[in-house]
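Below you'll find the structure, written out as structure tokens, and then a few comments.
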Amino acid sequence: MAKVTDPEPPREAFRLSMLLNDTRYRGYTFQFIALFLLILFMAYLGWNLVRNLVDQGQDISFRFMGQSASYDINQRLIPYDSQNTHLRAAFVGVLNTLLVAFLGCITATILGVLAGVLRLSKNWLVARLMAFYVEIFRNVPVLIWILIIFFVMTAALPAPRAFRGDDPEASMLFGAVAFTNRGVYVPRPIWETGSTIVVLVFLASVFAAFAYRRYATKLLYETGRLLPMGWPSLAILIVPTVLAFCALGQPITLEYPELRGFNFQDGIQVRGSMIALWFALAIYTGAFIAENVRAGIQSVSYGQTEAASALGLRPRRIMSLVILPQALRVVIPPVISQYLNLTKNSSLAIAVGYMDITGTLGGITLNQTGRAIESVLLLMLFYLVISLSISAVMNVYNNAVKLKER
């Protein structure tokens with residue numbers, strides 16, 4: 001018996017009136033109209049800006065970036081002098097911003113995770129201390145913490161002259177690190193032939209250590225077999241690098257700071273302004289991350305902890321293998337916002353004289369050239385690109401660690 005099916009209704013020919021009358025197209029029509037009006041409005045604002053600048057004898061030009069900067073930068077990661085261009089100075093500021101943002105995010109994450117976990121400790125004193133840390137640092141503006149740490153370092157640490165003499169008032173830590181009111185002086189690595197291979201071996205060891213830990217975790221979840229993670233990870237990380245370092249004749253040496261004249265020479269000087277900015281941003285943001293971690297841990301049912309304890313897992317294993325992996329889906333989204341806030345808060349560096357991108361391009365360059373619109377546009381573009389990049393990377397990580405539903 002042949003199967004009887006209803007014939008398909010004939011398709012109606014498309015008409016322009018359907019853009020407003022047909023619900024299938026009406027939403028797209030209104031969105032297109034709104035987008036078109038927004039483009040017209042932004043174009044009008046841009047045209048009005050250009051017309052006003054022309055009336056005042058000005059124009060938008062970025063040629064000033066090729067002019068000589070004529071100012072020095074105290075903290076820099078690449079060679080720079082006052083005869084370099086404003087573009088070079090801005091690039092130095094960009095690297096300084098990225099450096100303090102990277103160090104701040106790493107340190108804030110470590111502090112935040114530790115404080116968030118310890119705040120839930122059954123030890124009353126430890127839990128109260130972590131609560132005190134969170135409430136104090138979270139409710140005081142970060143600028144005040146930057147100034148406090150900077151002034152404490154300037155007043156409490158000795159001057160370089162205190163390291164002079166047969167019986168000095170101050171001494172270097174391990175004979176290699178000097179803490180002074182002008183900054184911290186640390187040894188500088190000297191890269192000789194073969195040092196690149198050692199660095200590549202070290203990076204490969206880092207990836208291998210993470211791969212081993214991931215394999216051990218996967219094996220535990222699939223078979224219940226628990227492999228040691230501590231000493232094997234440490235061995236994978238250290239042994240190949242040490243072997244490569246010795247086999248290549250120790251191609252990496254250290255240049256130690258030495259007091260000559262009125263200040264330390266050689267080595268690397270980490271200025272107090274950078275340390276104050278780094279620590280203040282890390283401690284301040286770490287307090288917020290601690291609350292995110294605490295909320296994520298408390299979002300996991302307590303029955304998970306009881307079930308893991310019944311299986312014989314120790315508290316540390318329960319936290320690392322059961323609680324934290326499930327808490328990450330709650331922790332990571334707000335932590336992304338904290339990373340973005342830390343990066344943008346680094347623009348307060350000018351308060352302690354740390355020359356980041358705001359101090360170079362948005363400060364001295366802007367004042368010297370008078371190109372306020374161009375400088376501000378470039379600043380906005382830089383922070384926009386950095387913020388979107390951080391969000392993209394963290395969202396990829398968030399998708400990788402989120403719970404996979406069956």
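The values are calculated or read from the model by the stated rules, or taken from the named source; none is laboratory data. This structure is a prediction, so every number in the text was calculated from the model and none was measured. All Cβ positions, glycine included, derive from the backbone under ideal geometry; neighbour counts span all protein chains shown. These area figures cover heavy atoms from the full protein model, side chains too; ligands, DNA and RNA do not enter into them. Shrake-Rupley method; radii C 1.70, N 1.55, O 1.52, S 1.80 Å.
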- Can you name the number of the only condition in (1) open to solvent by 50 Å² or more (accessible area, probe 1.4 Å); (2) under 26 Å from the mean Cα position of the chain (by Cα); (3) more than 30 Å from Ala308 (Cα to Cα); (4) modelled with pLDDT under 85 that Gly183 fails? (1)
- Item | Pairs where the first residue, in segment 64-83, is among the polar types (S, T, N, Q) and the second is at pLDDT 85 or above and in a helix (DSSP H, G or I), C-beta under 7 Å, 6+ apart | Gln67/His86; Gln75/Asn96; Gln75/Met274
- Assess whether Gly175 counts as being at positive phi and in contact with a Lys or Arg (Cβ under 6 Å, 6 or more places away or on another chain). no
- Message: Checking Ile149 against (1) out of contact with any helix residue (DSSP H, G or I) (no Cβ under 8 Å at 6 or more places or on another chain); (2) crowded, with 16+ Cβ neighbours inside 10 Å: exactly one of these is not met. Which one?
- Response: (1)
- Query: Can you tell me which of Ile190, Ile238 is farther than 28 Å from Val352 by Cα, touching a strand residue (DSSP E or B) at 6+ places or on another chain (Cβ under 7 Å) and exposed (fewer than 14 other Cβ atoms within 10 Å of the Cβ)?
  - Reply: Ile190
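Here is a yes/no grid of residues against (1) at pLDDT 80 or above; (2) over 30 Å from Pro334 (Cβ atoms); (3) not in a helix (DSSP H, G or I):
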residue	(1), (2), (3)
Val4	no, yes, yes
Pro7	no, yes, yes
Phe30	yes, yes, no
Ala43	yes, yes, no
Asn48	yes, yes, no
Met65	yes, yes, no
Val92	yes, yes, no
Gly104	yes, no, no
- Before we move on, is Ile386 within 28 Å of Ile275 (Cβ to Cβ), touching a Gly at 6+ places or on another chain (Cβ under 6 Å) and aliphatic (A, V, I, L, M)? no
- Item | Residues that are under 18 Å from Phe62 (Cα atoms), of a type outside the set (A, V, I, L, M) and at pLDDT below 85, drawn from segment 369-406 | Thr369, Gly370, Arg371, Glu374
- Note on the structure: Here the residues within segment 130-143 that are part of a helix (DSSP H, G or I) and more than 21 Å from the chain's Cα centre (by Cα) are Met130, Ala131, Phe132, Tyr133, Glu135, Ile136
- Note on the structure: Heads up, the helices (runs of 4 or more DSSP H) in segment 290-396 (entirely inside) with at least 3 residues that are within 30 Å of Leu120 (Cβ to Cβ) are 302-310, 315-318, 324-345
- Message: Taking the conditions exactly as written (out of contact with any Pro (no Cβ under 7 Å at 6 or more places or on another chain), open to solvent by 40 Å² or more (accessible area, probe 1.4 Å), of a type in the set (Phe, Trp, Tyr) and at pLDDT 85 or above), does Phe174 satisfy them or not?
- Response: no
- Query: Does Phe207 satisfy the condition of being within 29 Å of the chain's Cα centre (by Cα) and either assigned to a helix (DSSP H, G or I) or at positive phi (or both)?
  - Reply: yes
- Does Leu248 qualify as being surrounded by fewer than 20 Cβ atoms within 10 Å (Cβ to Cβ), of a type in the set (A, V, I, L, M) and touching a Gly at 6+ places or on another chain (Cβ under 7 Å)? yes
